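Below is one structure, written out as structure tokens; the observations come after it.
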Amino acid sequence: MDFITLNNGTKAPLVGIGTFLMQPKDAEEAVYNALTNGYRLVDTANGYMNEKAVGRGLKRSGLKREEIYLVTKLWPSVYADADNAIDATLKRLDADYIDLLFLHQPAGDYVGAYKAMERAVKAGKVKSLGLSNFPEEQIQEVIAATEIKPAFVQVEAHPYFPETALKAYLKPMGTAVMAWYPLGHGDKSLVEEPVFTKLAEKYGKSNAQIILRWHTQSGNVVIPGSKNVQHIRDNIDIFDFILTDEEMTEIAKLDSGKRYYTATPEALQGYLNFAPDFDAQP
Ligand SMILES: NC(=O)c1ccc[n+]([C@@H]2O[C@H](COP(=O)([O-])OP(=O)(O)OC[C@H]3O[C@@H](n4cnc5c(N)ncnc54)[C@H](OP(=O)(O)O)[C@@H]3O)[C@@H](O)[C@H]2O)c1
């Protein structure tokens, strides 16, 4: 496993397991399968309603807590009471600290919530901070009002939508990109692009592995979601080959601006109003 060094001097693995849309039972299995097959980074969120199960998967793996890079996200409905929400998140995960805590969406009082996350860093409950789905303008707003620079921004990124402009903006402050939907949420039209099939044959890898290798060579950390043990194994087996500059350039031509998700003001307002009881999960 290769690692990236972040702007606060800590290190994060380049590949992790994503758990979006996974029922608790599936999330626990995926986390267990990932950690017992070499993964060290796990991505969850309040909103996935599977943090307790993720915590069980961590425990079942038998790994020590400090061997795992645990990532979760605060949902907008808890921003107003973020100090307590961080404690509740830790309790659900059955963990003493979180390696990386994101604000999930730019809705509500996100500056106030970020300040609460900063207090959690000072209290040793969180190691690094991040912003998820924040566009440049709102990242700037948070940075101007707070002390700790985000270590990561987690955004949709894949060969159709590589987030080139955002990455250029983040580079001077050393903020890394964690790509969600790294495989386009499994979209066959992306995964089966002829360039990936060609390179998969050349390197003896699958198309998905070529895409994930493109990500890590582009500087992204990836968190592919999978319930399939063979896919989980494959998705971390990308460190024994290197795409050439010409191949990276060829893949870059797939940038079409196509994204699978766009936030509207109405959607963001809806997120703020979505306030389930996060403790009510098995
Ligand atoms: N911050 C945010 O707002 C946000 C939003 C969305 C997602 N995320 C995070 O990003 C993670 C990744 O997103 P995602 O899981 O939705 O999409 P994804 O990783 O792009 O794609 C997952 C899909 O690809 C398939 N797949 C995985 N590995 C494969 C392989 N080696 N070969 C062929 N197919 C493969 C999976 O099916 P199988 O189960 O059959 O392998 C699944 O259908 C999430 O789990 C979550 O942690 C964050």
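FYI, it's all coordinate maths here, none of it is from the lab. None of these values were measured; they are calculated from a predicted model. Note: ideal-geometry Cβ built from the backbone for every residue, glycine included; neighbour counts use all protein chains shown.
Structure notes:
- Residue within segment 206-227 that is of a type in the set (Gly, Ala, Ser), in contact (Cβ under 8 Å) with a residue 60 or more places away in the chain, within 25 Å of Asp26 (Cβ to Cβ) and outside any strand (DSSP E or B) present: yes
- Options Asp99, Asp83, Asp109: the member that is charged (D, E, K, R) and in contact (Cβ under 8 Å) with a residue 40 or more places away in the chain: Asp99
- Filter result (over 20 Å from the mean Cα position of the chain (by Cα), touching a residue at least 12 places away in the same chain (Cβ under 8 Å) and in a loop (DSSP other than H, G, I, E, B)) within segment 260-277: Phe274, Ala275, Pro276
- Selection over segment 1-44 of residues that are part of a loop (DSSP other than H, G, I, E, B) and either in contact (Cβ under 8 Å) with a residue 60 or more places away in the chain or more than 18 Å from Leu93 (Cβ to Cβ) (or both) gives a count of 17.
- Matching residues, segment 28-44, being more than 9 Å from the ligand (Cβ to nearest atom), crowded, with 24+ Cβ neighbours inside 10 Å and small (Gly, Ala, Ser): Ala34
- Against the numbered list (1) assigned to a loop (DSSP other than H, G, I, E, B); (2) within 17 Å of the chain's Cα centre (by Cα); (3) within 13 Å of the ligand (Cβ to nearest atom), Pro150 comes up short only at (3).
- Single residue of Val142, Val121, Val177 found to be touching a residue at least 40 places away in the same chain (Cβ under 8 Å) and either assigned to a helix (DSSP H, G or I) or surrounded by 15 or more Cβ atoms within 10 Å (Cβ to Cβ) (or both): Val177
- Taking the listed residues Gly47, Gly9, Gly62, the one that is over 22 Å from Thr175 (Cβ atoms), out of contact with any Asp or Glu (no Cβ under 9 Å at 6 or more places or on another chain), away from the ligand (no atom under 15 Å from the Cβ) and small (Gly, Ala, Ser) is Gly62, with no other qualifying.
- Those residues of segment 83-111 which are away from the ligand (no atom under 16 Å from the Cβ) and either under 17 Å from the mean Cα position of the chain (by Cα) or among the hydroxyl-bearing types (Ser, Thr, Tyr) (or both), in sequence order: Tyr97
- Residue that is nearest to the ligand (Cβ to nearest atom) [pool: residues in segment 191-229 that are among the polar types (S, T, N, Q) and surrounded by fewer than 19 Cβ atoms within 10 Å (Cβ to Cβ)]: Asn228
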